[in-house]
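Only the coordinates and a few stated rules stand behind these numbers; no lab work does. Since the structure is predicted, the reported quantities are computational estimates derived from the model, not experimental observations. Glycine gets a Cβ as well: all are built from the backbone with ideal geometry, and neighbour counts include every protein chain shown.
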Amino acid sequence: MTEADSPGADSTGLRPRRRWAKGQPRPKYLRPEDIDQMMVMFVALMSEVSALRDRLDTHEAVAELGGTATSAAIEAYELTPERHLARAATRTAMLKRVLRAITEEREAALEKTK
């Protein structure tokens, strides 16, 4: 049997090249039931990052007021309405960026059902 006679050969007599790596298939580390646990951990981590950003923003606000960023000064700082709105906007933007893949997939699925 020549290469031209082999299954999958085209008019030139050559078989198309494989377009994937040889060897074992990619390993799967997570079972479907593990995905929920990963999401819980992921959301907890996002809330920690958000809290750290708020804390950093408080440090910056205290510094802008000319104070020293001591624990007492940080705890005594009162959030202004403007800064509260800015934090909410920053938090919303972070959630949109981080959860973009999930929300886009969900929106696409909703569009298909319409």
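In table form, for the structure just shown:
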read-out	value
Of all residues in region 33-58 being in contact with a helix residue (DSSP H, G or I) (Cβ under 8 Å, 6 or more places away or on another chain) and over 20 Å from residue 101 (Cα atoms), the one that is surrounded by the fewest Cβ atoms within 10 Å (Cβ to Cβ)	55
In region 90-102, residue nearest to the chain's Cα centre (by Cα) [restricted to those that are without any contact (Cβ under 8 Å) to a residue 40 or more places away in the chain and surrounded by 12 or more Cβ atoms within 10 Å (Cβ to Cβ)]	99
Region 59-89, subset farther than 27 Å from residue 39 by Cα and of a type in the set (D, E, K, R), residue surrounded by the fewest Cβ atoms within 10 Å (Cβ to Cβ)	78
